[in-house]
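Working notes for the structure below.
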């Protein structure tokens with residue numbers, strides 16, 4: 001529920017900012033399509049990264065609970081996985097920011 | 001070479017004091033700090049050229065993120081009390097700050113995007129190199 005709330009909030013914020021960002025000389029249809037694409041892109045990225053991070057953390061906690069001696073190795077592997085997943089989310093954010101505010105194909 | 005070893009030792013002692021108890025995590029964070037210093041050196045060497053600033057900013061952002069991620073994960077896995085609320089606040093705070101920083105860098109500062117993404121990718125490069133060296137060392141030990 002909390003994840004859904006954050007995704008919805010993110011989508012609304014991005015769509016709200018999109019209208020402010022673009023000047024009126026761009027076709028409104030294009031602006032709305034870009035806003036929808038950005039919202040969908042960020043939503044899908046957050047959804048996938050959230051599921052991935054949740055599954056990784058769940059497995060790490062289970063592994064540590066079953067075998068506390070292996071917690072060091074598990075934590076390192078978890079850290080690597082989390083860093084990769086978080087990088088993907090940050091890339092998605094950068095691409096969406098470019099689409100919204102620094103789109104090379106608009107204006 | 002000996003000088004580098006001393007610097008490594010100093011940084012690792014500092015990291016141990018800061019709460020990084022696992023050796024591998026400490027090495028990863030140490031290497032990321034080196035990459036951050038590389039970004040800073042490029043900024044100074046190229047006298048605030050936009051691409052160098054973008055790379056340095058990307059390095060700084062990814063280093064900060066990685067530092068807090070590593071520290072947070074250790075506390076999540078090893079803390080017997082759980083500390084769920086603190087972890088959540090830390091995670092979303094970091095995410096919001098990263099988003100704001102990227103917004104500022106891309107829209108207000110209009111920095112070169114390729115260099116910024118290269119700076120953000122230093123964590124991936126760090127982890128990949130660490131994995132390759134570790135794999136190589138393991139193979140050498142087995143042989």
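Every number here is computed from the coordinates shown, using simple stated rules; none is lab data. Values in this document were obtained by computation on a predicted structure and should not be read as measured data. Methodologically, a virtual Cβ is constructed for each residue, glycine included, from the backbone with ideal geometry; neighbour enumeration extends over all protein chains shown.
Assorted remarks:
- Tail fraction, Cα-Cα pairs, the protein assembly as shown, threshold 30 Å, whole percent: 35 percent
- Shielding by partners, peptide A:74-86 (average Cβ within 10 angstrom, other chains): 6
- Tensor-based shape of segment A:60-107 (alpha-carbon gyration tensor, a/c under 1.5 rounded, otherwise prolate or oblate): prolate
- Between residue B:135 and residue B:40, residue separation times 0.36 nm minus the direct Cα-Cα distance comes to 31.2 nm.
- Dividing the Cα radius of gyration of segment B:3-137 by its Kirkwood radius returns 1.00 for Rg/Rh.
- Mean separation of Cα contacts under 8 Å, 6 or more apart, over the residue count of segment B:3-137: relative contact order %: 33 percent
- Helical runs (DSSP H, four residues minimum) scored at -39500 (n - 2.57) apiece and divided by the length of chain B put the mean residue ellipticity at 222 nm at -28000 deg cm²/dmol.
- Packing-based ranking of B:52-62, A:89-99 yields B:52-62, A:89-99, ordered from highest to lowest mean Cβ neighbour count within 10 Å.
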